[in-house]
Amino acid sequence: MQESFINQIFFQEGVEKTLQKAGEEARRQDKLEGRIFGEINLLIILLNSRFGKLDASILEKLQELSLSQLEELEGFMIDCSSFEDLNTWLKEKILKNQILALRGFLRVYNSIIILRKKYARIC
């Protein structure tokens with residue numbers, strides 16, 4: 001009886017620690033999303049003042065960038081002289097993101113293939 005009670009206490013402590021970690025991760029994610037939102041808003045103001053009202057495709061491209069890329073774009077805005085330069089820069093960064101995502105997918109896919117081969121040898 002007492003052993004069951006002790007197990008229940010350990011279980012509750014484990015649940016509480018898991019919930020605490022999940023809460024901390026959610027706060028970190030919220031903070032990151034807030035920073036990204038702020039960077040995008042700042043860039044929209046800068047871009048609108050330099051190039052006029054932005055079309056939806058540019059706004060969509062901004063949302064595909066990471067926080068570090070958004071910060072990099074702020075620096076690029078100093079030297080950016082045309083809308084074409086901006087569009088080229090955004091396309092290059094988005095292509096880079098897509099390549100990185102594809103590489104990650106291929107790593108996972110290759111790992112699955114290797115595991116399937118190992119499993120086939122065992123059976």
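Quickly run through the stretch 70-99 and pick out the residues that are closer than 17 Å to Phe51 by Cα and among the β-branched types (Val, Ile, Thr).
If the condition is that a residue be closer than 17 Å to Phe51 by Cα and among the β-branched types (Val, Ile, Thr), then Ile78, Thr88 are the ones that fit.
For the stretch 34-47, give me each residue that is of a type outside the set (A, V, I, L, M, F, W, C) and either under 15 Å from Ser68 (Cβ atoms) or modelled with pLDDT of 90 or more (or both).
Selection gives Arg35, Gly38, Glu39, Asn41.
Could you check how many residues of the stretch 49-90 are without any contact (Cβ under 8 Å) to a residue 24 or more places away in the chain and either closer than 24 Å to Leu32 by Cα or among the basic types (Lys, Arg) (or both)?
Of the residues in that region, 11 qualify.
Please enumerate the residues belonging to the stretch 92-122 that are without any contact (Cβ under 8 Å) to a residue 12 or more places away in the chain and among the basic types (Lys, Arg).
Scanning the stretch 92-122 gives Lys96, Arg103, Arg107, Arg116, Lys117, Lys118, Arg121.
Residues that are of a type in the set (S, T, N, Q) and loosely packed, with under 10 Cβ neighbours inside 10 Å: does the stretch 94-104 have at least one?
So far as the stretch 94-104 goes, no, none of its residues is of a type in the set (S, T, N, Q) and loosely packed, with under 10 Cβ neighbours inside 10 Å.
The values are calculated or read from the model by the stated rules, or taken from the named source; none is laboratory data. As the structure is a computational prediction, the values presented were derived from the model and not from experiment. Cβ atoms come from the backbone with ideal geometry, glycine included; neighbour counts cover every protein chain shown.
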